[in-house]
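**Student:** For reference, the structure I am asking about is given below.
None of the figures in this text is laboratory data; all of them are computed from the coordinates on show. Only a predicted model underlies this, so the values are computations on that prediction, with no experimental measurement involved. Here the Cβ positions follow ideal geometry from the backbone for every residue, glycine too, while neighbour counts run over all protein chains shown.
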Amino acid sequence: MIYQEKIPGFGELSLVVLDPKRHAELVHGWVTEPRASFWGMGSYSVDDVREIYEFVDGLTTHHAYLIMLDDTPVGLFQTYQPEADPVGERYAVRPGDVGMHLLLAPGNRPPRGLTTALGPALARYLFGDPTRQRIVVEPDVRNQRALDRLEREGFAFGDEVDMPDKRAQLAFLTRARFESDHPVPV
């Protein structure tokens, strides 16, 4: 486990490093659901998913985690260094940028408000590293639910860019904006 935080009303959130061999079947079930179409893995086999995450696991610039809520897996969280990712070729990467992807487990509906509670918790994890100054995301421009959520969470929209597999909307959340929206209780 690399991070843990109590989410009032929901339980204990923890981030666990994804084990490609142990978790491939679970993650495959999520990424092949119609609701996860923007993840881009709908036609992948369990072996394909395992191989992709074995590749990610071998990188020092990209990381994949299971999001656990009271020991129940509820999603997939990935982080990356934008300068080592195709997105870094499409905008001016700044020192302190960190990229992220989030997929909540399709299927069972998460408890009402969980998505809203998870965003700040994941940002607290990322900004727990004092060198990180800005979170970068690049959802598919057609993913209106994600875009609406990002706007509510304080992300500023940048350019639309062509990625290898999609037209993406760049969005950024600065440490300063996050900390002003989520002050640490004294």
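**Student:** Which residue, 113, 75, 42, tops the fluctuation ranking in a GNM of the chain built on C-alpha contacts under 10 Å?
**Tutor:** 113
**Student:** Please sort by residue number the trypsin sites (Lys or Arg not before Pro) in region 135-186 whose DSSP state is loop and whose Cβ has at most 14 other Cβ atoms within 10 Å.
**Tutor:** 142
**Student:** Using the Kirkwood radius over Cα pairs, work out the Stokes-Einstein diffusion coefficient for the chain at 4 °C and 1.567 mPa s, in µm²/s as a whole number.
**Tutor:** The estimated diffusion coefficient comes to 76 µm²/s.
**Student:** On to the next question. If you put +1 on each Lys and Arg Cβ and -1 on each Asp and Glu Cβ, how big is the dipole of the chain around its Cα centre, in Debye rounded to 20?
**Tutor:** 580
**Student:** Work out, step by step, the length gained on full extension between residue 4 and residue 51: first 0.36 nm times the residue separation, then minus their alpha carbon distance; give nm to one decimal.
**Tutor:** Separation in residues times 0.36 nm, less the Cα-Cα distance, equals 14.2 nm.
**Student:** Between beta-carbons, use under 15 Å as the cut-off and find the net charge around residue 133, counting Lys and Arg +1, Asp and Glu -1.
**Tutor:** Neighbourhood net charge equals +2.
**Student:** For region 22-35, just list the computed ³J(HN,Hα) in residue order, Karplus coefficients 6.51, -1.76 and 1.60, θ = phi - 60°, integers in Hz, with x standing in for Gly and Pro.
**Tutor:** Values per residue, Gly and Pro as x: 6, 9, 4, 5, 4, 5, 4, x, 7, 6, 9, 6, x, 5 Hz.
**Student:** Take the chain, connect every pair of alpha-carbon atoms lying under 10 Å apart with a spring to form a Gaussian network, then pick out the residue of 55, 155, 38 with the largest mean-square fluctuation.
**Tutor:** 55
**Student:** Given a Förster radius of 22 Å and the C-beta distance between residue 70 and residue 17 as r, what FRET efficiency does 1/(1 + (r/R0)^6) yield to the nearest 0.05?
**Tutor:** 0.75
**Student:** Which of 144, 133, 169 moves the most in a Gaussian network model of the chain with Cα springs under 10 Å?
**Tutor:** For the chain, modelled as a Gaussian network with Cα springs under 10 Å, the answer is 144.
**Student:** Return the calculated 222 nm mean residue ellipticity for the chain, to the nearest 500 deg cm²/dmol, obtained by summing -39500 (n - 2.57) across DSSP H runs with n ≥ 4 and dividing by the residue count.
**Tutor:** Roughly -8500 deg cm²/dmol at 222 nm, from the helical runs in the chain.
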